[in-house]
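Undergrad: Questions regarding the structure given below will be posed in turn.
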Amino acid sequence: MKPFINLDTISEEDLLAKRICDLPLRIEGTWVAECIAQLYKELEDKGIVFRPECYLADEWLTPGGETCIGIPFYLAHPVLIRLEKKIMIEAEGDTREWCMKLLRHEAGHAIEYAYSFHKRPKWRRIFGPSSLEYADTYKFRPYSKNYVRHLDGYYAQYHPDEDFVETFAVWLAPGLNWRELYKGWKALAKLEYVDELMTQIKGKAPTVKDKRKYWRLSSLQMTLRHFYNKKRHFWAEDFPDFHDAFLNCAFTPADGQDAKAVAAADTIRKYRSSLLKSVSKYSGERKHVINDLLGDILKRSRELKLATTDDETVVTMYLSTYVTSLIMNYLYTGRFRGEKQRHKRRGHEKET
């Protein structure tokens with residue numbers, strides 16, 4: 001029997017000590033249930049009889065080979081949404097528009113498995129082999145017109161499965177004139193193929209009905225505190241304080257005492273272009289990755305109100321060494337920290 005927990009009155013400290021599986025959560029009666037109903041209506045309007053079952057899990061996912069959709073448990077209660085945002089900066093899918101985008105994406109995974117689309121020779125020719133192993137991360141071409149743009153981060157470029165489900169999500173979105181939107185793009189051929197596939201399965205029941213609900217709410221026996229400690233560690237480089245250790249070592253707080261002190265942000269801004277060119281030249285990494293990294297460092301140094309009295313040559317040496325080390329880690333591991341961790345963000349298996 002679950003212990004009684006009143007999520008509306010419990011303190012944050014006590015809440016973090018609770019096991020996730022003990023939280024009194026359900027989809028029924030929530031705004032998430034309304035989003036799921038909308039997804040089902042969109043499928044019905046397209047003549048698709050398949051309805052992927054949805055359940056509460058640790059994150060957005062569709063288990064490999066299964067036909068069900070996992071939705072993050074925190075979306076089932078406003079108190080947990082606020083906690084997620086406080087600890088993780090944002091709560092993925094916490095608006096109706098965002099939630100619908102993710103539901104359409106996950107429905108693409110589920111329908112791919114339900115009708116075994118990935119086994120078709122033409123599917124493999126257009127999207128690539130579904131059996132291709134997911135990498136730790138992926139590098140994208142931001143201006144490529146070979147892929148649709150649905151979720152942030154050019155997610156269609158991650159893997160053949162993601163290419164298909166992102167294309168499906170665009171195709172499914174109501175009121176979106178995808179033929180006009182992607183006119184002249186190579187991605188249009190993929191959308192036309194998805195349209196062809198969906199026409200073929202109109203009114204037809206799925207051939208695969210497996211729906212094992214991996215990482216479901218009832219199986220999550222860790223406390224919320226342990227859950228978020230692991231989650232923050234994995235996503236550490238996505239937080240604003242990721243660069244703090246370096247910045248606090250290379251610079252000092254601007255206290256107004258030293259007239260010779262120069263704002264760290266001013267120095268970084270002054271040499272940003274030259275740092276970008278030199279790191280790109282000797283690492284071979286694309287400039288947009290390095291530029292985004294420098295932008296994050298610049299922004300954080302401004303937020304911390306840091307300054308320096310060192311010679312500019314010394315400061316640029318610190319910066320170039322730090323940025324180059326991060327970029328080399330990124331080149332070899334796909335992460336700035338250099339830790340090889342495998343985590344399928346929205347599909348298949350997960351290893352922690």
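The values are calculated or read from the model by the stated rules, or taken from the named source; none is laboratory data. The model shown is predicted, which means the values in this text are computed figures rather than measured ones. Every residue, glycine among them, receives a Cβ derived from its backbone with ideal geometry; neighbour counts consider all protein chains shown.
Undergrad: So for the range 122-138 (the condition being within 30 Å of Glu285 (Cβ to Cβ), among the charged types (D, E, K, R) and modelled with pLDDT under 95), does at least one residue qualify?
TA: Yes - at least one qualifying residue is present in the range 122-138.
This table checks each residue for (1) outside any helix (DSSP H, G or I); (2) in the same structural domain as His77 (by TED's automatic domain parsing); (3) at pLDDT 95 or above.
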site	(1), (2), (3)
Asp163	no, yes, yes
Phe168	no, yes, yes
Lys183	yes, yes, yes
Val194	no, yes, yes
Met198	no, yes, yes
Arg212	yes, yes, no
Arg225	no, yes, yes
His243	no, no, no
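Undergrad: Inside the range 1-54, can you point out the residues that are of a type in the set (Val, Ile, Thr), within 19 Å of Lys101 (Cβ to Cβ) and over 24 Å from the mean Cα position of the chain (by Cα)?
TA: Ile48 - this is the single residue of the range 1-54 that is of a type in the set (Val, Ile, Thr), within 19 Å of Lys101 (Cβ to Cβ) and over 24 Å from the mean Cα position of the chain (by Cα).
Undergrad: Among what's in the range 93-119 and is free of Cβ contacts under 8 Å to residues at least 40 places away in the same chain and surrounded by fewer than 16 Cβ atoms within 10 Å (Cβ to Cβ), pick the residue that is farthest from Glu44 (Cα to Cα).
TA: So in the range 93-119, the residues free of Cβ contacts under 8 Å to residues at least 40 places away in the same chain come out as 93-95, 97-98, 119.
Next cut, surrounded by fewer than 16 Cβ atoms within 10 Å (Cβ to Cβ) only: 95, 97, 119.
Working: Thr95: 23, Glu97: 19, Lys119: 25 Å.
Among those residues, the one meeting the criterion is Lys119.
Undergrad: Using the structure shown, decide if Tyr182 is surrounded by 18 or more Cβ atoms within 10 Å (Cβ to Cβ), over 21 Å from the mean Cα position of the chain (by Cα) and among the aromatic types (Phe, Trp, Tyr). Break it down stepwise before answering.
TA: Values: surrounded by 18 or more Cβ atoms within 10 Å (Cβ to Cβ): yes; over 21 Å from the mean Cα position of the chain (by Cα): yes; among the aromatic types (Phe, Trp, Tyr): yes.
Taking the combined requirement at face value, the residue satisfies it.
Undergrad: Checking the structure you have, find out if any residue of the range 43-50 is under 30 Å from Asn229 (Cβ atoms) and at pLDDT 95 or above.
TA: Of the residues in the range 43-50, the ones under 30 Å from Asn229 (Cβ atoms) are none.
Within the range 43-50, not a single residue is under 30 Å from Asn229 (Cβ atoms) and at pLDDT 95 or above.
Undergrad: So if I check each of Glu312, Glu303, which one is under 29 Å from the mean Cα position of the chain (by Cα) and either acidic (Asp, Glu) or outside the structural domain of Ala245 (by TED's automatic domain parsing) (or both)? I'd like the intermediate steps shown before the answer.
TA: Working: Glu312 fails: under 29 Å from the mean Cα position of the chain (by Cα).
Among Glu312, Glu303, only Glu303 is under 29 Å from the mean Cα position of the chain (by Cα) and either acidic (Asp, Glu) or outside the structural domain of Ala245 (by TED's automatic domain parsing) (or both).
Undergrad: Looking only at the range 65-108, which residues are among the basic types (Lys, Arg) and either in contact with a Cys (Cβ under 8 Å, 6 or more places away or on another chain) or modelled with pLDDT of 95 or more (or both)? Let's see the steps before the verdict.
TA: The first filter runs over the range 65-108 and keeps only residues among the basic types (Lys, Arg), leaving 82, 85-86, 96, 101, 104.
Residues satisfying the conditions are Arg82, Arg96, Lys101, Arg104.
Undergrad: Given the conditions (1) modelled with pLDDT under 85; (2) within 28 Å of Ile87 (Cα to Cα); (3) in contact with a helix residue (DSSP H, G or I) (Cβ under 9 Å, 6 or more places away or on another chain), which single one is not true for Leu331?
TA: (2)
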